[in-house]
1. Which aspartates and glutamates have a Cα lying under 20 Å from the Cα of Lys341, excluding residues fewer than 8 positions away in the same chain?
2. How big is the charge dipole of segment 317-418 about its Cα centre, in debye rounded to the nearest 20, if each Lys and Arg gets +1 on its Cβ and each Asp and Glu gets -1 on its Cβ?
3. I'd like the orientation of helix 312-321 relative to the chain: the angle between its Cα long axis and the longest Cα principal axis, in ° from 0 to 90, rounded to 10.
4. Largest first and in whole Å, give the semi-axes of segment 89-219's equivalent ellipsoid, each being the square root of 5 times a Cα gyration tensor eigenvalue.
5. Rolling a 1.4 Å sphere over the protein heavy atoms, what is the accessible area per residue of the chain, to the nearest Å²?
6. Mind scanning Lys107/Lys358; Lys73/Lys283; Lys29/Lys369 and naming the pairs with a C-alpha gap bigger than 29 Å?
7. Rounded to whole Å and ordered largest first, report the semi-axes of the equivalent ellipsoid of segment 357-418 derived from its Cα gyration tensor (root of 5λ).
8. Over 23 Å, how big is the tail of the calculated P(r) for segment 170-267, in percent of all Cα pairs?
Amino acid sequence: MGGRYVEQLDSCPAGNMCGLVGIDQYLLKSGTLTTSETMHPIVTMKFSVSAVVQVAVSCKNAQDLPKLVEGLKRLSKSDPLVKCSHSKTGEHIIAGAGELHLEICLKDLQEQYLKGASINVSEPVVSFAETLTSKTGEDGVHPEMCVSKSPNKHNRLYIWANPLGEELCQAIDQGDISPTQDFKIRGRTLADDYDWDIGEARKIWTFGCPPDALGNMVVDCAKGVQFLNEIKDHVVNAFMNFTGEGPLCGDVLRGCRFNIDDVTLHADTIHRGAGQIMPAARKVFIACLLAGTPKLMEPYYIVDIIVPTMAVSGVYSTLNARRGEVHSMEERPGTPLTQIKGYLPVLESFGFVALLRKNTGGQAFPQLKFSHWGLMNGDPMDEEDTKESNAYQQIMSSRKRKGLKMAIPKFADYYDRI
C-alpha cells in the first residue's frame with residue numbers, strides 16, 4: 001500500500017485496486033470475494049520453493065509479547081510464503097525459503113510491525129524429513145510383518161511398509177497425483193507409470209498430512225476382513241498424526257507406503273473405537289518405519305553461479321568445503337564468463353554467499369533456489385557417529401531443541417509379539 005492518504009469510497013470502478021478494511025479477520029493469505037454463487041475462486045499461488053529454514057523469535061521484554069504476536073500475524077499476511085507458527089516448546093517460529101528471505105522478513109518485522117520493541121532471534125534451523133529406504137524386514141534382522149495390539153488386546157493390526165520412490169513423491173508434490181482425483185484415474189496412472197498393482201492402486205485409504213507430508217500413503221491390501229471400513233477413519237487420523245511428526249526427530253515423513261495386510265477385530269463395536277485403534281495404528285506405523293532402514297532426508301538448493309573463468313577454482317573449493325556437488329558447467333561463448341550449476345544442502349548454505357565472494361574475490365554471483373530432498377549421510381540409528389553433519393548428530397540436536405527424550409526410539413518398544 002504505497003498511497004499517501006486513506007480515502008473512504010462508496011464504490012470503486014472495475015480495473016482499479018482498493019483496500020478492504022476488516023477482511024483480514026476471515027482471510028489469512030489469499031481468497032476470492034464475489035457476489036455470484038457460480039463464480040470460481042482465483043487459484044492460490046503455488047511456489048517452486050518450500051519454507052525449509054526456520055528461526056525462533058522471542059521478546060527481550062515480556063511486556064512486548066502482545067506486540068510480537070500481532071507483528072507475526074501482520075508479517076504472515078504481508079508475505080504469501082512465510083509461515084509463522086507457535087511450537088510446543090513455547091517458541092514463535094518463522095519459516096522462510098532461505099537465509100536472505102528470512103533476513104528480509106525479520107527486518108520487516110522489527111521495523112514495520114513491532115513499533116520499536118526489540119526481539120531475540122535464534123540461529124537458523126533447517127527442517128528435515130524422515131523416510132525408509134527398504135521394505136520392512138529386508139535387512140534380515142527385523143520381522144517382515146509388524147503387528148500391534150490395541151490397549152485392550154482384542155484388536156490386532158498387521159502392516160508392512162516399503163518406499164514410494166522419489167519420482168512418485170515429486171508427482172504428488174507437483175499435484176499430478178492428488179488425494180482429490182477420481183480413484184480409477186489415479187489407479188490407472190499408478191499402474192501404468194509406477195508399476196503398481198491396479199487393485200491396490202484403487203484402494204489407497206489416505207495420503208499423508210498436508211501440505212508437507214503429502215507424499216506418504218496407506219494402502220488397503222487386506223482380503224476379506226470384516227468391519228475393516230469401520231476402523232478406516234481411526235487409522236487415517238493416526239496416520240495424519242504420525243506423518244506430521246515422525247518418530248526420529250519429530251519432523252515430517254516423506255516417501256513411505258504402509259500396506260494393511262490383515263486386521264483382527266473384536267466383534268463388539270465398543271471394543272474397537274478410536275481409543276483402541278489409534279494408539280495401535282500409530283505404534284505399528286512407527287515399528288514399520290524403524291524396521292525398514294530409516295534415513296533422514298535434508299533439503300537441497302540448486303545453486304546457479306555466474307563467475308569469470310579465471311575464478312572457477314574458488315567456486316569448486318567453496319562447494320567442496322560445504323558438501324556441495326557440481327552438476328554442470330557451461331562456458332558462455334563470446335564472454336569470459338562461466339555458468340556453474342550445482343546442488344548444496346540447505347544446512348550448509350548459511351554464510352555460503354559470503355564465503356564464495358571471499359574465495360572468488362567478489363566476482364561470483366550465486367542464486368539459490370530450493371531443488372529437492374536428498375538422503376543425508378550416516379545412519380540415524382548409529383550412536384557411535386560423532387560427525388557433526390551426519391544424521392545421528394542432527395537428530396539429537398533436533399530432539400534437544402524440541403524437548404524430546406534424548407534417545408532414538410527402539411524397535412522392540414513398538415513391536416508387539418503375538
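1. Qualifying aspartates and glutamates at Cα under 20 Å: Glu99, Glu298, Asp304, Glu325, Glu330, Glu331.
2. Numbers: 15 positive and 12 negative charges, 105 e Å.
So the magnitude is around 500 debye.
3. Roughly 40 degrees, rounded to the nearest 10.
4. Numbers: eigenvalues 319, 96, 44 Å².
In descending order, the three semi-axes are 40, 22, 15 Å.
5. Values: 23040 Å² over 418 residues.
I get 55 Å² per residue for the chain.
6. Cα-Cα > 29 Å for Lys73/Lys283; rest within.
7. Taking √(5λ) for each eigenvalue gives 37, 14, 12 Å, largest first.
8. Cα-Cα pairs of segment 170-267 separated by over 23 Å account for 28 percent.
The values are calculated or read from the model by the stated rules, or taken from the named source; none is laboratory data. Keep in mind it's a predicted model, so treat the numbers as computed, not measured. Methodologically, a virtual Cβ is constructed for each residue, glycine included, from the backbone with ideal geometry; neighbour enumeration extends over all protein chains shown. Accessible surface areas use protein heavy atoms only, side chains included; no ligands, DNA or RNA. Shrake-Rupley method; radii C 1.70, N 1.55, O 1.52, S 1.80 Å.
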